[in-house]
Structure formats: structure tokens, C-alpha cells
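Notes follow once the structure below has been shown.
The values are calculated or read from the model by the stated rules, or taken from the named source; none is laboratory data. Because the structure is predicted, anything quoted here is derived from the model rather than measured. Cβ sites come from the backbone with ideal geometry, for glycine too, and all protein chains shown count toward neighbours. Heavy atoms of the whole protein, side chains included, go into the accessibility calculation; ligands, DNA and RNA do not. Shrake-Rupley method; radii C 1.70, N 1.55, O 1.52, S 1.80 Å.
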Amino acid sequence: MKITFYGHSSLGIEVNGKHILVDPFISGNPKASHIDIHSLKADFILLTHAHQDHILDVEAIAKRTNAVIVSNYEIATYYGNKGFQNHPMNHGGSWDFEFGKVKYVNAIHSSSFPDGTYGGNPGGFVIEGEHKNIYIAGDTALTMDMKLIPLRTKLDLAILPIGSNFTMDVEDAITAAEFVECDKVLGVHYDTFGYIEINHEEAIKKFFNSGKDLMLLEIGGFLEL
């Protein structure tokens, strides 16, 4: 499993020969200006919620790639009504896709489209690949629901927001890593805006002192599991 960071909370995942994009907000992020959305591959696009900083490039990419949009019922229906392929899910539900099993799990946040359309309840994804399992928290506060995840799935990586103000901060993300029983964390949702700027060195040190590994990738950088 190869995971590429495209800035903010945008990710590319390659697994079992399939390409998955998560929350594509790239063209509107000046820090990601070197990423060409027209060259990105996508068989599936996973959306945690409907805020603009998670869906901005969905239509441009899905129109070109014919990717299947996977999200909650309201978001999937919103894009379905525009003619896009979609797969609706809801909290607690799982589905076996070509690349692995996906479960839609709880998140505490809000969710509305830029035009004000209701975007359902926000969520995260647990992806069980053939060999590796990951948790994509989406935008969320720390929640006791995270403790349910390791009851079903042993994680190899937790992808957690760490920028505070709109989501968890570093300290809460450390607790979240403890809740999901995963010591390897990829940080997202930081530095894009003034509200969520962080001290990288301090964040990494706090995780290290808690016996955990926080990875902060350069935009365009990747890791392999």
C-alpha cells in the first residue's frame, strides 16, 4: 500500500492495483500548486464530508477518470444527481471493494456543501487491504468511538488531523492514537490556513515522547506500508 500526501487532507492510495483519492482539495491550495490534478489517477474517490476544503476537485477528477465517489448517502446522492458514479454508505456499514474492505465510521464535525446543501453526517474510513489496514479519521474531535476500531481491526497506520481549531490538536491526536491502538500516525489538516499552523518539530517530539511516530510528509511525498 502506497500513500501519497497531496496537502491538507488530500491523499492518494495505491493498493491492489487500484488508485484511490481521499478528500481532494488541491487546486485551491497554494502550497500544492506543483500537483497537477489532471494527471492524478483515480478509480475511487473517498469523501469524509462535504466541506469545500475536502471536495473542491472532486468533479474535475471524477469527470476525467469516471471514478466512483464513495461517501455518506447524502454526499453520494448529491454527486449521483449530477451524473457521477457513486457508492453511498452510512455509519457502521462496510463494503468489499476491489481494493479492500471499507467501513464508514463516526466523526464529530459538521458537513455542508459550499452552496449550503446538507452534506449528511461526517465520517471516517477504516480500510482493510490485503496486507495492511489504515484508519482515515477525517475532520473530527477526539471521540470515545475511536476505541471501537481496534475491537475489529488491527491498524498499521492512523491518519489523523492535528491542526486544532477545526479538529483535534496534537495532544488529542496522541490520545486518538492510543484509542485506536496504533503507534504509527500520518498527520493531516495542518498548515493550510493560518488557523491550523503547527510547530512541526514540537509535534513530532510530543508524539515521540508518547512512544509514537508522527510522520509529516512534504506535499507530493509518500510512504509505503
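Are any residues in the stretch 147-194 closer than 23 Å to Tyr6 by Cα and aromatic (Phe, Trp, Tyr), and if so, which ones?
Result: Phe166, Tyr190, Phe193.
Which fully enclosed strands (runs of 3 or more DSSP E) of the stretch 156-225 have 3 or more residues being touching a residue at least 60 places away in the same chain (Cβ under 8 Å)?
157-161, 222-224
Please give the helices (runs of 4 or more DSSP H) falling wholly within the stretch 38-110 in which 2 or more residues are touching a residue at least 40 places away in the same chain (Cβ under 8 Å) and under 14 Å from the mean Cα position of the chain (by Cα).
52-55
Testing Asp191 on (1) open to solvent by less than 50 Å² (accessible area, probe 1.4 Å); (2) touching a helix residue (DSSP H, G or I) at 6+ places or on another chain (Cβ under 6 Å), one condition comes back false. Which one is that?
Answer for Asp191: the failing condition is (2).
Scan the stretch 93-127 for residues that are in contact with a strand residue (DSSP E or B) (Cβ under 8 Å, 6 or more places away or on another chain) and over 18 Å from Ile69 (Cα atoms) and report the count.
2
Condition check ((1) modelled with pLDDT of 95 or more; (2) touching a Cys at 6+ places or on another chain (Cβ under 8 Å); (3) surrounded by 15 or more Cβ atoms within 10 Å (Cβ to Cβ); (4) not in a loop (DSSP other than H, G, I, E, B)) across all residues:
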site	(1), (2), (3), (4)
Pro114	yes, no, no, no
Gly120	yes, no, yes, no
Phe125	yes, no, yes, yes
Asp145	yes, no, yes, yes
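Quick test for you: out of Ile45, Ile61, Ile26, pick the one residue that is open to solvent by less than 20 Å² (accessible area, probe 1.4 Å) and under 17 Å from Gly100 (Cα atoms).
Ile45
Against the conditions (1) under 19 Å from Ile219 (Cα atoms); (2) open to solvent by 40 Å² or more (accessible area, probe 1.4 Å); (3) assigned to a helix (DSSP H, G or I), where does His34 fall short? Just the number, please.
All conditions pass for His34, except number (3).
Mind counting the residues in the stretch 64-95 that are in contact with a helix residue (DSSP H, G or I) (Cβ under 6 Å, 6 or more places away or on another chain), closer than 23 Å to Ala141 by Cα and open to solvent by less than 60 Å² (accessible area, probe 1.4 Å)?
0
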